[in-house]
Amino acid sequence: MGNLTPSLVAETNALKEAYAGFNGNDIPAFVRIFHPQIEWIDFPGVGTYRGLDAVQTHLATSRERWAEGSCEPRRILVAGDRIIQFIDVRVRLKHETEWREGQVVEVYTFRDGKVIQVRIFADSRQALEWAGVKPSGAN
């Protein structure tokens, strides 16, 4: 885990609690830390969602496709007003027997203790570079 700046300790803890909600299919608990004007930028081609209602609908729709699984944060870095979270994804979608596994990197930008933007990356180097962190073989 990266070194936390004192100003983001509360935000980091809130993000951990939010993920417990997400994995438990409690989308309202997950989005509780989001600013009303949140911007969620998903993988290229998936979409950009603006505003709490749009983001909550997108997340609920995505999560409803799961039969079972979880997204588990394995590493967290803090860079200024951003938290970079490396996530292990393991889900089985409804009507499928095979598990889908992989890693994603999420960059959360905070303003006044709330998440104002989320960007999702498949490539850790791109995520780190976007967040202004020099990559050091992170994956």
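Tell me, please, whether a residue that is touching a residue at least 60 places away in the same chain (Cβ under 8 Å), in a strand (DSSP E or B) and under 14 Å from the mean Cα position of the chain (by Cα) can be found in region 61-76. Step through it out loud before you land on a result.
We begin by selecting, within region 61-76, every residue touching a residue at least 60 places away in the same chain (Cβ under 8 Å); these are 75-76.
Next, from what is left, pick out any that are in a strand (DSSP E or B): 75-76.
Now narrow it down to the ones that are under 14 Å from the mean Cα position of the chain (by Cα): 75-76.
Within region 61-76, one or more residues are touching a residue at least 60 places away in the same chain (Cβ under 8 Å), in a strand (DSSP E or B) and under 14 Å from the mean Cα position of the chain (by Cα).
Determine, yes or no, whether residue 133 is touching a helix residue (DSSP H, G or I) at 6+ places or on another chain (Cβ under 9 Å) and either at positive phi or β-branched (Val, Ile, Thr) (or both).
Values: touching a helix residue (DSSP H, G or I) at 6+ places or on another chain (Cβ under 9 Å): yes; either at positive phi or β-branched (Val, Ile, Thr) (or both): yes.
In short, yes.
Considering only region 18-41, how many residues are of a type in the set (Val, Ile, Thr) and out of contact with any Leu (no Cβ under 7 Å at 6 or more places or on another chain)?
Initial filter on region 18-41 (of a type in the set (Val, Ile, Thr)): 27, 31, 33, 38, 41.
Filter once more, keeping what is out of contact with any Leu (no Cβ under 7 Å at 6 or more places or on another chain): 41.
Matching residues across region 18-41 total 1.
Only one of 91, 118, 105 is under 22 Å from residue 14 (Cβ atoms), of a type in the set (A, V, I, L, M) and either free of Cβ contacts under 8 Å to residues at least 40 places away in the same chain or assigned to a helix (DSSP H, G or I) (or both). Can you tell me which? Break it down into steps so the answer makes sense when it comes.
Details: 91 fails: under 22 Å from residue 14 (Cβ atoms); 118 fails: either free of Cβ contacts under 8 Å to residues at least 40 places away in the same chain or assigned to a helix (DSSP H, G or I) (or both).
The conditions single out 105.
For the condition among the charged types (D, E, K, R) and touching a helix residue (DSSP H, G or I) at 6+ places or on another chain (Cβ under 8 Å), what is the one hit in 50, 75, 65, 82?
Values: 50 fails: touching a helix residue (DSSP H, G or I) at 6+ places or on another chain (Cβ under 8 Å); 75 fails: touching a helix residue (DSSP H, G or I) at 6+ places or on another chain (Cβ under 8 Å); 65 fails: touching a helix residue (DSSP H, G or I) at 6+ places or on another chain (Cβ under 8 Å).
Of 50, 75, 65, 82, the one residue that is among the charged types (D, E, K, R) and touching a helix residue (DSSP H, G or I) at 6+ places or on another chain (Cβ under 8 Å) is 82.
Considering (1) surrounded by fewer than 16 Cβ atoms within 10 Å (Cβ to Cβ); (2) within 22 Å of residue 8 (Cα to Cα); (3) of a type in the set (Val, Ile, Thr), say which one residue 97 fails and leave the rest.
All conditions are met except number (2).
If we scan region 117-130, do we find a residue that is closer than 18 Å to residue 20 by Cβ, in contact with a strand residue (DSSP E or B) (Cβ under 6 Å, 6 or more places away or on another chain) and surrounded by 13 or more Cβ atoms within 10 Å (Cβ to Cβ)?
Initial filter on region 117-130 (closer than 18 Å to residue 20 by Cβ): 118.
Right, trim to in contact with a strand residue (DSSP E or B) (Cβ under 6 Å, 6 or more places away or on another chain) and you get 118.
In the following step, the residues that additionally are surrounded by 13 or more Cβ atoms within 10 Å (Cβ to Cβ) were identified as 118.
Yes, there is a match, as at least one residue in region 117-130 is closer than 18 Å to residue 20 by Cβ, in contact with a strand residue (DSSP E or B) (Cβ under 6 Å, 6 or more places away or on another chain) and surrounded by 13 or more Cβ atoms within 10 Å (Cβ to Cβ).
Only one residue in 10, 29, 54, 20 is in contact with a Gly (Cβ under 9 Å, 6 or more places away or on another chain), farther than 21 Å from residue 127 by Cα, free of Cβ contacts under 8 Å to residues at least 24 places away in the same chain and not in a loop (DSSP other than H, G, I, E, B), so which one is that?
Within the list 10, 29, 54, 20, the selection yields 29.
Do we find that residue 30 is within 16 Å of the chain's Cα centre (by Cα), exposed (fewer than 12 other Cβ atoms within 10 Å of the Cβ) and more than 17 Å from residue 82 (Cα to Cα) in this structure?
Working: within 16 Å of the chain's Cα centre (by Cα): yes; exposed (fewer than 12 other Cβ atoms within 10 Å of the Cβ): no; more than 17 Å from residue 82 (Cα to Cα): yes.
No.
Under 16 Å from residue 18 (Cα atoms), under 12 Å from the mean Cα position of the chain (by Cα) and of a type outside the set (A, V, I, L, M): which single residue out of 42, 88 fits that description?
Numbers: 42 fails: under 16 Å from residue 18 (Cα atoms).
Answer to the selection: 88.
Looking only at region 49-64, which residues are surrounded by 12 or more Cβ atoms within 10 Å (Cβ to Cβ) and not aliphatic (A, V, I, L, M)? If you could, list the steps in order and put the result at the bottom.
We begin by selecting, within region 49-64, every residue surrounded by 12 or more Cβ atoms within 10 Å (Cβ to Cβ); these are 49-60, 62-63.
Answer for region 49-64, where residues must be surrounded by 12 or more Cβ atoms within 10 Å (Cβ to Cβ) and not aliphatic (A, V, I, L, M): 49, 50, 51, 53, 56, 57, 58, 62, 63.
Quick note: the coordinates plus some simple rules give every number you see, no bench work behind them. Remember, it's a predicted structure, so these values are computed and weren't measured experimentally. Glycine also receives a Cβ, built like all others from the backbone with ideal geometry; neighbour counts cover every protein chain displayed.
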